[in-house]
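Report on the structure given below.
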Amino acid sequence: ALAVAPAGGAGFTGLSCKDPIEGVIFDVQVESPFYSGPSRAAVYDAGANIVEAESGSGGRGSRQSAQSALSKTSSQASRGPSPPLEIEFSPQAAGIYPCEIVLWSEGQVRVIQVAGTVSAPLVVSDLEFACPARRSIVQPLPIMNTSSTPWQISAVFEGDSCWHGVRSVVIPPDGANLQYELEFRPSWIGEYSGSLTLSNQTTDEVMVYRLVGKATEPLAEDHIVIECQAREKITQKFSVVNNFRPSDGAHFTVESDIPHVSGKSFLVVDPGTTGEYALTIHPLLGGTYSGTISFLLGEGKPYKWWTVEVKASAPAPEQKIELSSCVR
């Protein structure tokens, strides 16, 4: 027999067993502290159910009261089936509660195996994420299996598509602890919402997480350091990957605040491909220059940018002049 009860609930009733032998008295023994039932039961008709003859926690003792009940119910067998053997289930927490109910008499022994599965109350948790666009952040969610049975966990995402994680995982028994990795990976600046439902297919437990995410301005793709000599031209190439949506377009406008540089004002890169942009650096004086170069698809659309540091050494001399004079 298998029974399921809510956490903290008071169990189930209604176990039954038919016996072809009329007039058999059974002592009832319940092998679990979470279950309770009558101490004796009797079967009085071939088509009838086990009936309670004496209340108690189970065990052997005087059969007089049971025999009395048997005699009374046997005379009423033709009137209809008797009530079933009632077992009360009182769980203390979520989990699986196995139990054996032993019915024995002088001539026979019956064993009823019961497994009560208790689900934990539904708990909804809130998780908030924040990271730059096109970056990711991972939040581990610990799950510990203290039972003796492996757990099959399934994951269902709803809402925006910036949350990621495995769809199914198995957690070994006997105290195994697994970290379910929930990843927030926004494609662009904005606020996102969704939910994650982790369902334990073994115990029917459900864990729900309400998800809120905020994506800030993207970080620079890289920091480029260029070493050159003043008054000499040098070319630096940038590989621009258009991994945005096709609707965002392919025409990048190029902007830069680095002094002493030049290049085209636009770059065309089809979605899903990579383009190269050549930036010419021609510093007139030695020193260190810093700035950025950005590739923009338009107002309100994604962009990519780099930070650039130019270290220009002193220029080569125009001419070497030798001077000489007399002391004093």
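Looking across ILE143, ILE153, one residue alone is out of contact with any Ser or Thr (no Cβ under 9 Å at 6 or more places or on another chain), surrounded by 13 or more Cβ atoms within 10 Å (Cβ to Cβ) and in contact (Cβ under 8 Å) with a residue 40 or more places away in the chain. It is ILE143. Return the pairs, sorted by first residue and then second, in which the second residue is part of a loop (DSSP other than H, G, I, E, B) and open to solvent by less than 100 Å² (accessible area, probe 1.4 Å), the first residue lies in segment 311-328 and is closer than 30 Å to LYS233 by Cα and of a type outside the set (S, T, N, Q), the beta carbons are less than 6 Å apart, and the residues are 6+ apart or on different chains. Listed by first residue and then by second, the contacts come to ALA312/ALA230; ALA312/PRO283; ALA312/GLY286; ALA314/GLY286; PRO315/ALA230.
Give the residues of segment 140-195 that are more than 30 Å from LEU296 (Cα to Cα), modelled with pLDDT of 95 or more and among the acidic types (Asp, Glu), sorted by residue number. Answer for segment 140-195, where residues must be more than 30 Å from LEU296 (Cα to Cα), modelled with pLDDT of 95 or more and among the acidic types (Asp, Glu): GLU158, GLU181.
Matching residues to (1) closer than 18 Å to ASP222 by Cα; (2) among the basic types (Lys, Arg); (3) part of a loop (DSSP other than H, G, I, E, B); (4) touching a helix residue (DSSP H, G or I) at 6+ places or on another chain (Cβ under 8 Å):
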{"residue": "PHE238", "(1), (2), (3), (4)": "yes, no, no, no"}
{"residue": "VAL254", "(1), (2), (3), (4)": "yes, no, no, no"}
{"residue": "PRO259", "(1), (2), (3), (4)": "no, no, yes, no"}
{"residue": "LYS264", "(1), (2), (3), (4)": "no, yes, yes, no"}
{"residue": "PRO271", "(1), (2), (3), (4)": "no, no, yes, yes"}
{"residue": "TYR277", "(1), (2), (3), (4)": "yes, no, no, no"}
{"residue": "LEU285", "(1), (2), (3), (4)": "no, no, yes, no"}
{"residue": "TYR289", "(1), (2), (3), (4)": "yes, no, no, no"}
{"residue": "ILE293", "(1), (2), (3), (4)": "yes, no, no, no"}
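I'm checking my understanding of the structure. Among residues of segment 78-97 that are surrounded by 14 or more Cβ atoms within 10 Å (Cβ to Cβ) and under 22 Å from ASP27 (Cα atoms), which one is modelled with the lowest pLDDT? Once the filter is applied, the top-ranked residue is SER82. For residues in segment 228-244 being open to solvent by 50 Å² or more (accessible area, probe 1.4 Å) and touching a Pro at 6+ places or on another chain (Cβ under 7 Å), which is nearest to VAL310 (Cα to Cα)? By that ranking, first place goes to GLN229.
Residues satisfying the criterion are present in segment 257-265 (criterion: open to solvent by 60 Å² or more (accessible area, probe 1.4 Å), without any contact (Cβ under 8 Å) to a residue 24 or more places away in the chain and not hydroxyl-bearing (Ser, Thr, Tyr)).
The set of residues from segment 290-303 being touching a strand residue (DSSP E or B) at 6+ places or on another chain (Cβ under 7 Å) and either exposed (fewer than 14 other Cβ atoms within 10 Å of the Cβ) or more than 14 Å from PHE266 (Cβ to Cβ) (or both) comprises SER290, GLY291, THR292.
Scanning for something open to solvent by 50 Å² or more (accessible area, probe 1.4 Å) and farther than 30 Å from ILE293 by Cα, does segment 182-193 turn up at least one residue? Full working, then the answer.
Here is the first cut: in segment 182-193, the ones open to solvent by 50 Å² or more (accessible area, probe 1.4 Å) are 185, 187, 189, 191, 193.
Of the ones still in play, those that are also farther than 30 Å from ILE293 by Cα are 193.
Yes, some residue in segment 182-193 is open to solvent by 50 Å² or more (accessible area, probe 1.4 Å) and farther than 30 Å from ILE293 by Cα.
The values are calculated or read from the model by the stated rules, or taken from the named source; none is laboratory data. All values reported here derive from a predicted model rather than from experimental measurement. Here Cβ is always computed from backbone atoms with ideal geometry, including for glycine, and neighbour counts include all displayed protein chains. We work out accessible area using only protein heavy atoms, side chains counted, and drop any ligands, DNA or RNA first. Shrake-Rupley method; radii C 1.70, N 1.55, O 1.52, S 1.80 Å.
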